[in-house]
1. Ignoring ligands, DNA and RNA, what percent of the accessible area of the chain is carbon or sulfur (1.4 Å)?
2. If the chain were replaced by its equivalent ellipsoid, with semi-axes equal to the square roots of 5 times the Cα gyration tensor eigenvalues, what would those be, largest first, whole Å?
3. Please list the non-local residues whose amide H lies under 5 Å from the amide H of residue 32, H modeled 1.01 Å from N, same-chain partners needing a gap of 5 or more.
4. For the chain, report the accessible area per residue in Å² (1.4 Å probe, heavy atoms, rounded to an integer).
5. What's the tally of Lys pairs in the chain whose alpha-carbon atoms lie under 21 angstrom apart, where the two lysines are 8 or more places apart or on different chains?
6. Which distance in nm do the two modelled labels at residue 82 and residue 39 give, with both placed 7 Å along the Cα-to-Cβ direction?
Amino acid sequence: AFNLQVKKIADVSSVVAAKAASELGVKESTGDWRELINDNNIHVINITSPNFLHKEMALAAIDAGKHVYCEKPLSISESDAKEMSSAASASEIKTQVGFNYI
């Protein structure tokens, strides 16, 4: 069985991140998403940022050995999506693209 916990939230600024963390009951937050990538206690990165940021964040997470859950669309171009897919395939990490319907 898995014990998944949201450890830290990153957002556009530390103020916005702290507000979201408080509302969601998450203890840690940051205004810099790279802190999540570099945190050894974080094993999965959930990318919910604007679409044009998905590639940079996903590639950084994959490079750091983090599993990646990315909201759709995966990227803003087919070539970026292929690059992201190739990076994931070359690693041992798990990836998933989220499709939410409201």
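1. Here carbon and sulfur together make up 52 percent of the probe-accessible area.
2. On the way: eigenvalues 102, 49, 34 Å².
Output for the chain: semi-axes of 23, 16, 13 Å.
3. Placed amide hydrogens put 11 under 5 Å from residue 32.
4. Working: 7140 Å² over 102 residues.
Dividing the accessible area of the chain by its residue count gives 70 Å².
5. Qualifying lysine pairs in the chain: 20.
6. Here the answer is 3.5 nm between the modelled labels.
The values are calculated or read from the model by the stated rules, or taken from the named source; none is laboratory data. Predicted model only: the values in this text are computed from it and were never measured. In this analysis, Cβ positions are derived from the backbone assuming ideal geometry, glycine residues included, and neighbour counts consider all displayed protein chains. Surface accessibility is based on the protein's heavy atoms, side chains included, excluding ligands, DNA and RNA. Shrake-Rupley method; radii C 1.70, N 1.55, O 1.52, S 1.80 Å.
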